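**Student:** Pasting a structure here, questions to come.
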Amino acid sequence: MPHDGTPPPTQLDWTRAAPEDATGGPWIEIAFGPDDQVYLRETSAPETVVTTTRQKWDAFVLGVQAGEFDHFAEGA
């Protein structure tokens, strides 16, 4: 679901998808908000936020765990 231009809630607890001792980046960050919304952003452009639903996010995670997207990383 594309973001409608409304800023995400300010009280979101963003989690960075990077090792704790990682430097550099950019990194992807995720936050779970109210109304079953999931927010994603990149640390190099935190003002750009993509929004999806928890149901779609959970389906994506299951797909990653099942290897459904491995072909995107082949040869990288």
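**Student:** Mind listing the long-range amide H neighbours of GLY33? Cut-off is under 5 Å, sequence gap 5 or more, other chains count too, H placed in the peptide plane at 1.01 Å from N.
**Tutor:** Close amide H contacts, sequence-distant or interchain: VAL38, TYR39.
**Student:** Still on this structure, please answer the following. Any idea which of PRO8, ALA59, ALA18 is furthest toward the positive side of the dipole for the chain, if Lys and Arg beta-carbons carry +1 and Asp and Glu beta-carbons -1?
**Tutor:** Result: PRO8.
**Student:** If you don't mind, another one. If each residue's Cβ is checked for other Cβ atoms within 10 Å, how do PHE69, PHE32 rank with the fewest at the top?
**Tutor:** PHE69, PHE32
**Student:** Go ahead and run the numbers for FRET between ALA73 and GLU47, Cβ-Cβ distance against an R0 of 35 Å, rounding to 0.05.
**Tutor:** 0.80
**Student:** Can you list residues whose amide H is under 5 Å from TRP27's amide H, if they're 5+ apart or on another chain and H is modeled 1.01 Å from N?
**Tutor:** THR43, SER44
**Student:** Residue by residue, what Karplus-based ³J(HN,Hα) values in Hz, rounded to whole numbers, does the range 28-44 have, using 6.51, -1.76 and 1.60 with θ = phi - 60° and x for Gly and Pro?
**Tutor:** Along the range 28-44, the couplings run 8, 10, 10, 9, 9, x, x, 6, 6, 9, 10, 10, 10, 8, 10, 4, 7 Hz.
**Student:** When THR6, THR53 are ordered from fewest to most other Cβ atoms inside 10 Å of their Cβ, what list results?
**Tutor:** Listed from fewest to most nearby Cβ atoms, that is THR6, THR53.
**Student:** For the chain, what is the charge dipole size about the Cα centre, in debye to the nearest 20, if Lys and Arg each add +1 at the Cβ and Asp and Glu each add -1 at the Cβ?
**Tutor:** Using Cβ point charges on Lys, Arg, Asp and Glu, the chain gives about 120 debye.
**Student:** Quick check: net charge around THR43, other residues with Cβ under 9 Å of its Cβ, Lys/Arg +1 and Asp/Glu -1?
**Tutor:** 0
No value in this document is a laboratory result; all are computed from the given coordinates. This structure is a prediction, so every number in the text was calculated from the model and none was measured. Cβ atoms come from the backbone with ideal geometry, glycine included; neighbour counts cover every protein chain shown.
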